[in-house]
Amino acid sequence: MNAVEVARGDGPVVLAFPHTGTFVPDAVHAALNARGRMLADTDWHIDKLYAGLRADVTTVRATFHRYVIDANRDPAGGVLYPGQNTTGLIPLTDFDGGDIWQAPPDAGAIAERVDRFHAPYHKALRAELERVHHRHGVALLYDCHSIRSQIPFLFAGVLPDFNIVTNDATSCDARITSAVAHICATAAGYSSVVNGRFKGGWTTRHYGQPAQGLHAVQMELAQSSYLTTQAPPWHYDTQKAEKLRAHLKTLLDRLTELAPQLKGMT
C-alpha cells in the first residue's frame, strides 16, 4: 500500500490528513497488544467530513495509522509539549495513557518506518505546497484533525468544538487567524478557542513560514461535533456532520478568498 494519497486541485489551499489512515502492516499489528489493535486514536472520518467542500482544494492523506508512525511528529524525535503528557513519533501509549504494545519497536524499526511511511508523506506534502505556491504565489496549508473532547490524560475539562492552532500566532498571517477565529466564534451552537491546549503539531510548526508565503493552520475538531458517540464503533453522525460541514465550507471559502491578499507579503 502507498503511504500517501494525493488529489490535486488548482486552488491555493492544501488539506492535510495525517491521522485518518488505518493501515497497519502485519508485523506491526502482531507487535501491538489488544488495546493497541483497537486503533482508538484515529481521527475518525475526518477525510469524509471535508470531502467535496471545495473542488479546487488539494488533499494529501496518510494511509497508515499513527501507531505505525505519527506523520505529525518530528522525525528526529523532538517532543511537542515538554513537561506535558503527549504521544511521540511512535506512540508507546494511547491517549488515555494505556500501553499499546506487546513489543515496542526498536531504533532500527523506527528508522525503517520513517523511511517507508513518514518521509513519503512529507515528500508528497512538500511537493504539493511548492506546486501550489508556484501557481498562486502563496500556499495555505490547512491541517485536518479531530480528537475526543474529554481525555484527562492529555488535558483537563472539555475541549471546545473548534480548536484553531497557529503555533502561538507564528505559523500563518494574522488575517488567516482572525478570519478563521471569527467564523468559528460566530458559528451558532459551537465553541472555539485559538491556541488553547494545542499549539500545533510538527506539520504546522515545520511548514508554517509566512515570510516565505507558506501559511499553516491546524484545525482540531472535537469528535463530539460530528460523531454519534466518541467510542467504538465511532459512527459518523450525518445530521451533526452536515451542520458542521456548512461551517467548514465557509472556512475553506474564506481562506481561498484571502489567498490573493497574501501574495508577496514577505
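Derivation of every value follows stated rules applied to the coordinates shown; laboratory data play no part. Keep in mind the model is a prediction, meaning the values are calculated, not measured. Neighbour counts are summed over all protein chains in view; Cβ atoms, including those assigned to glycine, are modelled from backbone coordinates with ideal geometry.
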### Query
With a sphere of radius 14 Å drawn around the Cβ of M1, what net charge do the other residues whose Cβ falls strictly inside it have (Lys, Arg +1; Asp, Glu -1)?
+1
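Provide the net charge surrounding G213, with neighbours chosen by a C-beta distance below 12 Å and charges set as Lys +1, Arg +1, Asp -1, Glu -1.
Values: positive: R135, K263; negative: E130, D173.
Residues near G213 contribute 0 overall.
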### Task
Select from L39, L141, P152 the residue farthest towards the positive end of the dipole of the chain; place +1 on Cβ of Lys and Arg, -1 on Cβ of Asp and Glu, and compute about the Cα centre.
L141
### Task
Starting at the first residue of region 50-58, write each ³J(HN,Hα) from the Karplus equation 6.51 cos²θ - 1.76 cosθ + 1.60 with θ = phi - 60°, in whole Hz, x for Gly and Pro.
8, 4, x, 5, 9, 6, 9, 7, 9
#### Entry: Antiparallel bridges, percent of DSSP beta bridges restricted to the chain (to nearest 5)
35
### Task
Determine ³J(HN,Hα), in whole Hz, for all residues of region 160-165 in sequence, where each value follows from phi through the Karplus function 6.51 cos²θ - 1.76 cosθ + 1.60 and θ = phi - 60°; x replaces Gly and Pro.
x, 5, 9, 10, 8, 10
### Query
Quick one: if the Förster radius is 25 Å, what FRET efficiency do A174 and V79 give, using the C-beta to C-beta distance and rounding to 0.05?
0.35
### Query
Which pairs in the list K199/K263; K123/K243; K48/K263 are over 27 Å apart, alpha-carbon to alpha-carbon?
K123/K243; K48/K263
### Residue (of L262, G97, A3) at the positive-pole extreme of the chain, dipole from beta-carbon charges
L262
### Task
Identify, among A216, G88, H118, the residue whose Cα sits farthest towards the positive end of the charge dipole of the chain, taking +1 on the Cβ of Lys and Arg and -1 on the Cβ of Asp and Glu, with the dipole about the Cα centre.
A216
## Note on the structure
Taking Cα atoms only, helix 119-136 is inclined relative to the longest principal axis of the chain by an angle, in degrees rounded to 10, of 0
#### Entry: Label-point separation, E242 to T186 (7 Å along Cα→Cβ), nm
2.5
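First measure r as the distance between the Cβ atoms of T228 and E257, then evaluate 1/(1 + (r/R0)^6) with R0 = 35 Å and state the FRET efficiency to the nearest 0.05.
0.55
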### Message
Let me understand the chain better: what is its radius of gyration from the alpha carbons, and its Dmax, in angstrom?
### Response
17.6, 52
### Query
Expressed in nm to one decimal, what extension gain is obtained for the pair F153 and D115 from 0.36 nm per residue of sequence separation less their Cα-Cα distance?
10.6 nm
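Suppose every K and R has +1 on its Cβ and every D and E has -1 on its Cβ; what is the size of the dipole of the chain about the Cα centre, in Debye to the nearest 20?
Values: 25 positive and 26 negative charges, 89 e Å.
It comes to approximately 420 debye.
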